[in-house]
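Participant: So that we are looking at the same thing, I have put the structure below in structure tokens.
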Amino acid sequence: MELKNNAVDENFPFVLRDLMKKYNIDRFRITVVPFSEEMLLNLNKKVPGLRNMLIVGLRDCRRFGMKMPSSDSELVLNNILKRLKEIGCTGLSFGASDKRIKYNEKFFRAFIDAGYEIGVWTVNDVWDAYNLAKMGARYIVSDRPVTMQFAWKKLFE
């Protein structure tokens with residue numbers, strides 16, 4: 001469940017909790033991906049234990065210490081891991097389609113080994129999706145889901 005900025009108010013965590021209870025939805029079937037750390041903090045404070053991911057794109061990587069695209073990946077990785085722990089996240093939603101961000105299997109493995117899920121967006125190339133899945137991406141967001149599903153079945157199943 002992706003939450004855009006200003007799409008929900010501060011009581012949203014209680015609304016979500018009540019809907020999950022009403023419809024008997026297990027908390028592990030929903031992952032909340034807010035567009036701001038403030039929404040994550042509010043969610044974790046009011047309804048702890050929900051699966052949730054911090055969104056990180058190129059701008060965020062710069063905020064976490066990346067001075068130039070495709071550089072400082074170790075520093076960025078450590079700073080993001082630290083922030084995930086501070087906020088209480090269960091995962092990272094990562095802008096993997098931006099080739100200016102340096103990532104590889106080691107980058108993914110660090111998050112997975114630390115106990116975090118990793119999701120990636122917006123991936124529209126089936127080979128990129130395949131490689132990201134091999135690196136450990138738990139989910140992949142695409143603008144072309146039908147095409148991606150068709151190509152995936154043809155190539156890999």
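Participant: Cβ-Cβ below 7 Å, separation at least six or inter-chain, first residue in the stretch 38-51 and modelled with pLDDT of 90 or more, second exposed (fewer than 15 other Cβ atoms within 10 Å of the Cβ) and not in a helix (DSSP H, G or I): which pairs?
Facilitator: What qualifies is ASN42/GLU10; LEU50/ILE30; ARG51/ILE30.
Participant: Still on this structure: I'm trying to understand the selection: among the residues of the stretch 19-78, which are small (Gly, Ala, Ser) and not in a helix (DSSP H, G or I)?
Facilitator: SER36, GLY49, GLY57, GLY65, SER70, SER71
Participant: Do we find a residue being within 30 Å of TYR130 (Cβ to Cβ), out of contact with any strand residue (DSSP E or B) (no Cβ under 9 Å at 6 or more places or on another chain), open to solvent by 60 Å² or more (accessible area, probe 1.4 Å) and without any contact (Cβ under 8 Å) to a residue 40 or more places away in the chain anywhere in the stretch 18-34?
Facilitator: yes
Participant: Would you check if there is a residue in the stretch 80-94 being part of a loop (DSSP other than H, G, I, E, B) and over 23 Å from ILE30 (Cβ atoms)?
Facilitator: Within the stretch 80-94, none of the residues are part of a loop (DSSP other than H, G, I, E, B) and over 23 Å from ILE30 (Cβ atoms).
Participant: Here is a follow-up. Of the conditions (1) in contact with a helix residue (DSSP H, G or I) (Cβ under 6 Å, 6 or more places away or on another chain); (2) hydrophobic (A, V, I, L, M, F, W, C); (3) modelled with pLDDT of 80 or more, CYS61 clears all except one; give me its number.
Facilitator: Of everything listed in (1) in contact with a helix residue (DSSP H, G or I) (Cβ under 6 Å, 6 or more places away or on another chain); (2) hydrophobic (A, V, I, L, M, F, W, C); (3) modelled with pLDDT of 80 or more, CYS61 misses just condition (3).
Participant: So which pairs qualify, if the first residue must be in the stretch 107-135 and closer than 24 Å to THR147 by Cβ and open to solvent by less than 60 Å² (accessible area, probe 1.4 Å), the second must be in a helix (DSSP H, G or I) and among the polar types (S, T, N, Q), the Cβ gap must be under 9 Å, and the two must be at least 6 apart or on different chains?
Facilitator: Close Cβ pairs satisfying both conditions: ASN124/THR147; VAL126/THR147.
Participant: For the stretch 101-157, which residues satisfy the criterion of being among the charged types (D, E, K, R), closer than 24 Å to ARG51 by Cα and assigned to a loop (DSSP other than H, G, I, E, B)?
Facilitator: Within the stretch 101-157, ARG138, ASP143 meet the criteria.
The values are calculated or read from the model by the stated rules, or taken from the named source; none is laboratory data. Small disclaimer: the values here were computed from a predicted structure and weren't measured. For neighbour counting, all protein chains shown are included, and Cβ atoms are generated from backbone atoms with ideal geometry for every residue, glycine included. Just the protein is used for accessible areas: all its heavy atoms, side chains included, with ligands, DNA and RNA removed. Shrake-Rupley method; radii C 1.70, N 1.55, O 1.52, S 1.80 Å.
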